[in-house]
Amino acid sequence: MFPILSQNKNSPNIVKLVLGTGGNIMGNVYGYVRVSSIDQNEDRQLIVMDKNNVPKGNVYIDKQSGKDFERPQYKKLVKKLKAGDLLYILSIDRLGRNYEDIQKQWRLLTKDIGIDICVIDMPLLDTRNGKDLMGTFIADLVLQILSFVAQNERENIKKRQAQGIAAAKAKGVKFGRPESPMPENFDKIIKDWDKGKITTADALKLCNMSESTFYRRRREYNLTHK
């Protein structure tokens, strides 16, 4: 049972202290949640944070790729952390998907700042346990393996996406915005523009096209009407 010194309303100078195992003063508890895109759902991660009694105000959420650590909420979280704090993440790939960057961030958080990290889906990656040499060795080994798996999965996702796009293109599927149809009097607009009867701005307006599309369509027109 942890000894607790609660704050007394009549004595505001008495601050609440919670002593953890080994008599160390425990800090604040935080949670980090990440999904790869805005339309993905972070509910599962939030439920797990709630089950681990992470205060809602201490949960930081990013909705972007794990390819690097240039994420606004993660940066805010790192600035907030101090020695003795505890950070929960659901799985190592929620932290990131780049092997070297995960290793660097793990060292920054646990060594430089001095916090504990609990990877909920992998009990071996809980720095509160196994503080001896063997425990540290096992945790480091598991971290390297899972970091490799996280990056490998990201690369496999990219390969599958590229293969899917290539297969779709082979079937005639077009990506991006559909092109504006050519006006019925496109030939007259081209001839008037070539003769200087109308300006480029007028031609773009009449065709409802961007300048680059207009020039490309003009080249295609000239090739088929020689």
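Summary of values
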quantity	calculated
Helices (runs of 4 or more DSSP H) enclosed by the stretch 64-127 - at least 1 residues per element that are within 15 Å of VAL48 (Cα to Cα)	92-95
Residue within the stretch 62-80 that is touching a strand residue (DSSP E or B) at 6+ places or on another chain (Cβ under 9 Å), farther than 19 Å from ILE145 by Cα and of a type in the set (A, V, I, L, M) present	yes
Subset tally (residues that are buried (at least 17 other Cβ atoms within 10 Å of the Cβ) and part of a helix (DSSP H, G or I)) for the stretch 205-220	5
Candidate set from the stretch 57-102 (those that are of a type in the set (Phe, Trp, Tyr) and more than 9 Å from the chain's Cα centre (by Cα)); member that is modelled with the lowest pLDDT	TYR99
Selection count, the stretch 63-97, where residues are over 20 Å from ASP116 (Cα atoms), surrounded by fewer than 19 Cβ atoms within 10 Å (Cβ to Cβ) and in contact (Cβ under 8 Å) with a residue 12 or more places away in the chain	5
Qualifying positions in the stretch 26-62 - basic (Lys, Arg) and under 26 Å from GLY114 (Cα atoms)	ARG34, LYS51, LYS56
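The values are calculated or read from the model by the stated rules, or taken from the named source; none is laboratory data. All values reported here derive from a predicted model rather than from experimental measurement. Heads up, the Cβs are rebuilt from the backbone with ideal geometry, glycines too, and the neighbour counts pull from every protein chain shown.
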